[in-house]
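Q: Structure incoming, see below.
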Amino acid sequence: MDISLLLKMAADAEPDRVGLTCDGRNWTYAELWAAATGAAAVISRSECTHVALLDTGSEAAPIALIGAALFGVPYCPLNYRLADADLAGLLARIEPALIIGDVERVQRLAPDATHKIYSRADFVALAEKEAQPEREAGEDEGIAVQLFTSGTTAAPKAAILRHSNLVSYILGTVEFGAAEPEEAALVSVPPYHIAGIAALLSSIYALRRIILLPAFDPAVWIDLAAREKATNAFVVPTMLSRIVEALGDGSDAPDFSHLKAIAYGGGRMPVELLLRALDLFPETNFTNAYGLTETSSTVALLGPDEHRAAHKSDDPVVRARLGSVGKPLPTIELEIRDEDGKVLPAGEAGEIYVRGDQVSGEYRERSALIAGGWFPTRDAGYLDEEGYLFLSGRADDVIVRGGENISPGEIEDVLLTHPCIADAAAVGIPSAEWGEAVAIVIALKGAHPGEAEIKTLIRDRLRSSRVPERILVVEALPYNEMGKLLRREVRRLLAS
Amino acid sequence: MKAGSKLKSAVDDTEVLLVKAPAAGVLACGGAPMVAERTGERGPIDPAFAETTKMGKRYTDAAGTVEVLVIKPGAGSLSLDGVALQLKDAKPLPSSD
C-alpha cells in the first residue's frame with residue numbers, strides 16, 4: 001500500500017469532481033491522477049534518488065508527492081526561506097534529486113551537482129503530457145516523505161515517513177468521501193511543513209476540494225476564503241493572529257458563514273487570541289491539533305464541542321481546557337513519563353511518549369523509537385484527570401532549579417494574563433546558587449508594569465521558585481516563519 | 001496474506017486493501033476466495049454473498065481479526081471462512097488538517 005492509492009481512489013470514485021483550485025485553475029481528481037502518473041514517468045527517467053520541491057505551494061506539490069510515491073522515491077519538500085548556506089547543505093544531502101521550483105537558485109548553490117532541475121510550469125506541463133492514467137496505484141512500502149526538521153535547537157534532521165505511516169494516519173482519521181460536494185479546504189501552510197502534506201492527503205481522501213494559497217498573507221487569505229467559499233481551513237497560530245488583526249473589530253469582515261471549521265496547530269495558541277477568534281467566527285467550529293513531523297501530523301485533538309464547553313463553562317478545570325490540545329486519537333497511545341521512563345499519573349508533568357502505526361519516529365541516520373515502539377517526543381506536558389493533554393514546551397526547555405523541574409509554559413501563561421504583557425518567554429539561565437534560575441523575556445503592549453509587580457504576580461499565582469531572577473524587555477520575541485518560538489535566540493538575548 | 005497487500009474478487013469487480021491480515025482463514029468475496037491476480041473466466045457470485053461492497057468503506061469480523069478497505073466496489077460481499085464481514089462503524093473525527 002502506498003499513498004498514491006489515496007488519489008487513485010478519489011479519481012476512480014469521482015473523476016470529474018474538482019479536487020484542487022490553485023492560481024485560478026481547477027484540477028479534477030482524474031486530472032490530478034493523470035498528472036501524477038506522468039510525473040512518475042518523468043521521475044523514473046531522471047534516475048534520481050529523491051524528488052524535491054523548492055517552491056511555494058502549487059499543483060506541483062500533490063503531483064510530485066504522488067508521482068514520487070508511484071515511482072518509489074522519497075518526496076522531499078525544502079524550505080525555500082532558508083538561508084543560502086543552509087539550503088546548500090540540504091541540497092547536498094539529497095543528491096541526485098529531481099528538483100522542482102527555483103531553477104536559478106539550485107544552479108547557483110549546487111553548480112556541479114547532478115540534480116535534474118525543472119521550473120514548476122515545465123514540470124507540470126511534462127507530467128500532463130506523459131500521463132499514463134490507466135496504471136495502478138503503487139505498492140511501495142518504503143519512504144514516502146523526507147522532511148528536514150526546522151532545527152530550532154540543532155542542525156536539521158531528516159525525518160522520514162513511510163507509506164505505512166501516512167496511510168495509517170489517513171485511514172485512521174478520515175472517512176473516504178466524507179466531504180459534501182460544496183466543501184473546500186483553504187490550505188495556506190507551506191508545502192515543506194508536515195501539516196501541508198497532511199492537508200493534501202486528508203482532503204484528497206475526504207474528496208474535499210483543496211484551495212491552495214501559495215504564500216500566506218492575511219488579506220489574501222480573507223479574500224480567497226470569502227471568494228472561494230471555503231468551508232474548512234488550517235492555520236498555525238501566527239496566521240490566525242494576523243487574520244484576526246486584519247479583521248479588526250470585524251465590522252468590515254466579509255461573509256464567513258460558509259466557513260464551518262478552522263483547525264489550528266503547529267505552535268502554542270495564546271488563549272486570548274483564541275477567544276478573539278471565537279468571537280469573530282461565532283459560527284465556526286474550532287479544532288486544535290497537536291502533532292509532530294515524526295508522527296505524520298495529528299496525534300491529539302481538541303474538538304469543536306470541547307471548545308464550546310470550555311468557552312462557556314464556569315468550572316475552572318473545564319475552562320482551562322481551551323489551553324489544552326485535547327485527547328489522543330483513538331489510534332494513538334500516549335503516556336507521560338519522567339526522566340527514568342516511569343509512567344506518571346494525571347496532573348504530573350513529564351515527557352510525552354506516543355505509539356501507533358502513524359508514528360515513524362525515524363530519521364535517515366537512526367530511529368528514535370525505544371523499547372515497545374514508543375516515540376519520546378521531547379515535548380513536555382501533562383494529562384488532566386479526564387485525559388486532556390496540556391503542553392508545557394519542549395522537554396529540553398524545562399528549567400531545572402535546585403532539582404525542581406519548572407515548565408516555561410506555566411510561567412508564560414501567567415505572564416500573558418497581565419494586561420500590559422503582549423508576549424513572554426521563560427528560559428533557564430546559569431545560577432551559581434541553583435544550577436539554573438528563571439529568566440523571562442517579555443514584549444509589552446502598554447506601560448512597563450515594573451519588575452516588582454511582575455515578580456509578585458508570579459509569586460502569587462505560582463510559587464517563589466518560579467519568580468524570575470532576570471527580566472528583559474524586547475520589542476518582539478524571536479519566532480521562525482511557522483510561529484515557533486526560537487528559545488535558543490531567547491537565551492542568546494539574555495546572554496548578550 | 002499480509003497487511004498492506006491488495007486482493008481482488010474472483011467473481012466481481014471488488015478490490016480490497018488488507019488493513020489487518022487474519023492469522024488464518026479464507027477471505028472471500030461473492031463466496032469465492034479472493035486472489036492476488038485474476039485469471040481465467042469469472043465464476044458466478046454466490047447469492048448468499050451478493051450484498052455488494054461499498055467504495056472506501058472498511059469491513060471487519062466480529063472478533064476484529066481481519067480488516068479490509070474496499071478500493072474498488074463490486075456486486076459480491078465479503079466473508080472470512082464463510083462468515084459475512086460487517087461494515088465497520090466510522091467514528092467521525094473533526095478535520096484536523
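The values are calculated or read from the model by the stated rules, or taken from the named source; none is laboratory data. Treat the numbers as computed from the prediction; the structure is a model and nothing was measured. Counting neighbours? That spans all protein chains shown, and the Cβs are built from the backbone with ideal geometry, glycine included. Only protein heavy atoms, including side chains, enter the accessible area calculation; ligands, DNA and RNA are left aside. Shrake-Rupley method; radii C 1.70, N 1.55, O 1.52, S 1.80 Å.
Q: State whether the range A:325-372 is rounded, prolate or oblate according to the following rule on the C-alpha gyration tensor (a ≥ b ≥ c being the square roots of its eigenvalues): a/c under 1.5 gives rounded; otherwise a/b larger than b/c gives prolate, and the remaining case gives oblate. Walk me through the numbers before you get to the answer.
A: Working: a/c = 2.44, a/b = 1.33, b/c = 1.83.
Here the range A:325-372 falls in the oblate category.
Q: Next question, about the same structure. How would the range B:6-87 be classified by its alpha-carbon gyration tensor: rounded, prolate or oblate, with rounded meaning a/c under 1.5 and the a/b versus b/c comparison settling the rest?
A: On the way: a/c = 1.41, a/b = 1.38, b/c = 1.02.
In terms of gyration-tensor shape, rounded.
Q: Search the structure for amide H atoms under 5 Å from the amide H of A:Y363, placed 1.01 Å from N in the peptide plane, and list their residues when 5 or more places away or on another chain.
A: Residues meeting the amide H criterion: A:I160, A:A368.
Q: Next question, about the same structure. What accessible area, in Å² to the nearest ten, does a 1.4 Å probe give for A:H448?
A: Solvent-accessible area, nearest 10 Å²: 90 Å².
Q: Whenever you get a sec, line up A:V325, A:V271 from highest to lowest accessible area (probe 1.4 Å, protein heavy atoms). Numbers along the way, then the final one.
A: Working: A:V325 15, A:V271 65 Å².
Reading off the accessible areas and sorting them downward yields A:V271, A:V325.
Q: Let's test the formula: R0 of 41 Å, r as the Cβ-Cβ distance of A:E245 and B:A24. What FRET efficiency results, to the nearest 0.05? Walk me through the numbers before you get to the answer.
A: Working: r = 61 Å, r/R0 = 1.48.
Rounded to the nearest 0.05, the efficiency is 0.10.
Q: Moving to a separate point now. Regarding the range A:343-463, what are the three Cα extents along the principal axes, ordered largest first, in Å?
A: Largest first, the range A:343-463 extends 51, 36, 29 Å along its Cα principal axes.
Q: Report, in debye and to the nearest 20, how large the dipole of the range B:6-87 comes out about its Cα centre when Lys and Arg carry +1 and Asp and Glu carry -1 on their Cβ.
A: Numbers: 9 positive and 10 negative charges, 58 e Å.
Here the range B:6-87 has a charge dipole of around 280 debye.
Q: Next question, about the same structure. May I ask for the distance between the Cα centers of the range A:249-302 and the range A:4-64, given as a whole number of Å?
A: Comparing the Cα centres of the range A:249-302 and the range A:4-64, I get a distance of 28 Å.
Q: Using mean Cβ contacts within 10 Å as the protection proxy, how do B:7-19, A:374-386 order, highest first? Mind dumping the intermediate values first?
A: Numbers: B:7-19: 22.3, A:374-386: 18.6.
Ranked from most to least packed, the peptides come out as B:7-19, A:374-386.
Q: If you don't mind, there's one more thing I want to ask. Could you work out the Kirkwood radius for the protein assembly as shown, taking every pair of different alpha carbons, averaging 1/r and inverting it, reported in Å? Before the final figure, lay out the partial values.
A: Numbers: mean 1/r = 0.0391 Å⁻¹.
The Cα-based Kirkwood calculation yields 25.6 Å.
Q: Could you order A:E182, A:E481 so the one with the most accessible surface comes first? Probe is 1.4 Å.
A: Values: A:E182 115, A:E481 75 Å².
Reading off the accessible areas and sorting them downward yields A:E182, A:E481.
Q: Where the centroid of each part is defined by its Cα atoms, how far is the range A:220-245 from the range A:393-408 in Å?
A: 35 Å
Q: Show me, for the range A:122-127, the HN-Hα J-couplings you get by feeding each phi into the Karplus relation (A = 6.51, B = -1.76, C = 1.60, θ = phi - 60°), rounded to Hz, glycine and proline as x.
A: 5, 5, 5, 5, 5, 4
Q: What does the structure give for A:134-141 when I average, per residue, the other chain Cβ atoms found within 10 Å of the residue Cβ? Please report the intermediate quantities before stating the final value.
A: Numbers: counts 0, 0, 2, 3, 0, 4, 0, 2.
Averaged over the peptide's residues, the number is 1.
Q: Oh, and also: First measure r as the distance between the Cβ atoms of A:E272 and A:A447, then evaluate 1/(1 + (r/R0)^6) with R0 = 22 Å and state the FRET efficiency to the nearest 0.05.
A: Values: r = 19 Å, r/R0 = 0.84.
Working from the Cβ atoms, E equals 0.75.
Q: If you don't mind, another one. Using alpha carbons only, how many angstrom separate the centre of the range B:23-73 from the centre of the range A:120-148?
A: A separation of 30 Å, based on Cα centres.
Q: What is the dipole size for the protein assembly as shown, taken about its Cα centre, with +1 at each Lys and Arg Cβ and -1 at each Asp and Glu Cβ, in debye to the nearest 20?
A: Numbers: 59 positive and 84 negative charges, 109 e Å.
Approximately 520 debye in magnitude.
Q: Within a 10 angstrom radius of each residue's Cβ in A:162-174, how many Cβ atoms of other chains show up on average? Whole number is fine.
A: Working: counts 0, 1, 2, 0, 0, 4, 3, 1, 0, 6, 3, 7, 7.
Mean shielding by partner chains, rounded to a whole number: 3.
Q: Hey, what do the phi angles of the range B:82-93 turn into as Karplus ³J(HN,Hα) couplings, whole Hz, using 6.51/-1.76/1.60 and θ = phi - 60°, x for Gly and Pro?
A: Listing the rounded values in order: x, 9, 4, 7, 10, 4, 7, 5, 8, 8, x, 10 Hz.
Q: Continuing with the same structure: Tally the DSSP beta bridges in chain A and give the antiparallel ones as a percent, rounded to 5.
A: Numbers: 48 of 84 bridges.
Among the beta bridges of chain A, antiparallel pairing accounts for roughly 55 percent.
Q: May I ask for the angle, rounded to the nearest 10°, between helix A:218-227 and the longest principal axis of chain A, with both axes built from Cα atoms and the value confined to 0 to 90°?
A: 50 degrees
Q: Follow-up. Go ahead and collect, in residue order, the members of the range A:111-153 whose backbone nitrogen is under 13 Å from a label point 7 Å along the Cα-Cβ direction of A:D23.
A: The answer is A:119-126, whose backbone nitrogens lie closer than 13 Å to the label point.
Q: Sorted by average packing, counted as other Cβ atoms within 10 angstrom per residue and highest first, what order do A:230-240, A:20-30 take?
A: Working: A:230-240: 24.5, A:20-30: 16.4.
Descending mean neighbour count gives A:230-240, A:20-30.
Q: What's the tally of Lys pairs in chain B whose alpha-carbon atoms lie under 15 angstrom apart, where the two lysines are 8 or more places apart or on different chains?
A: Qualifying lysine pairs in chain B: 13.
Q: Compare the Cα positions of A:A61, A:A158, A:S257 along the charge dipole of chain A (+1 at Cβ of Lys, Arg; -1 at Cβ of Asp, Glu; about the Cα centre) and return the one farthest towards the positive end.
A: A:A158
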